[in-house]
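None of the figures in this text is laboratory data; all of them are computed from the coordinates on show. It should be emphasised that the depicted structure is a prediction, and the values quoted were computed from it without experimental measurement. Note: ideal-geometry Cβ built from the backbone for every residue, glycine included; neighbour counts use all protein chains shown.
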Amino acid sequence: MQGEQGGKLKIKIDQNPSSISIHQLSEDHSRAIVELKDNEMTLPRKAGYYIYEVNVVWDHGRATYLFDVSIE
């Protein structure tokens, strides 16, 4: 997926999870927690390739989703 520097990305998860946490993995192998506000996250302002890990918890289960973004 292509992203715009500093752009917004909406995270939509069905069935109203009790929590959502997102971690960003950068090309330099650093890991950061991504703030989610009103189900929106801000993409990095620095060009590069990023992998995101989205951890979702519901009352009766959990799931992990991965996606990547290329920022130019």
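How high is the relative contact order of the chain, in percent, with contacts defined as C-alpha pairs under 8 Å that are six or more residues apart? Present the calculation step by step, with values, prior to reporting the outcome.
On the way: 143 pairs, mean separation 28.8, N = 72.
It rounds to 40 percent for the chain.
Which whole-Hz couplings ³J(HN,Hα) result when phi for each residue of region 24-39 is put into the Karplus expression 6.51 cos²θ - 1.76 cosθ + 1.60, θ = phi - 60°, listed in order with x for Gly and Pro?
10, 10, 9, 4, 7, 6, 7, 10, 9, 7, 9, 6, 10, 10, 6, 6
Give me the one-decimal nm value for the distance between modelled label points at residue 59 and residue 26, 7 Å along each residue's Cα-to-Cβ direction.
With each label placed 7 Å out from Cα toward Cβ, I get 4.0 nm.
What does the highest-first list of 13-21, 47-55 look like by mean Cβ count within 10 Å? Could the numbers behind the result be given before it?
Details: 13-21: 10.8, 47-55: 14.9.
Top of the packing list down: 47-55, 13-21.
Among the trypsin sites (Lys or Arg not before Pro) in region 6-70, which ones are in a DSSP loop with at most 10 other Cβ atoms within 10 Å of the Cβ? Mind listing them? Please report the intermediate quantities before stating the final value.
Details: sites: 8, 10, 12, 31, 37, 45, 46, 62; in loops: 12, 45, 46.
Taking region 6-70 and a limit of 10 other Cβ atoms within 10 Å, the loop trypsin sites (Lys or Arg not before Pro) found are 12, 45.
As a test, work out the antiparallel percent of DSSP beta bridges whose residues both lie in region 2-71, rounded to the nearest 5.
95
Can you list the residues, at least 5 places off or on another chain, whose amide H is less than 5 Å from the amide H of residue 43, using H built in the peptide plane?
6, 7, 8, 9
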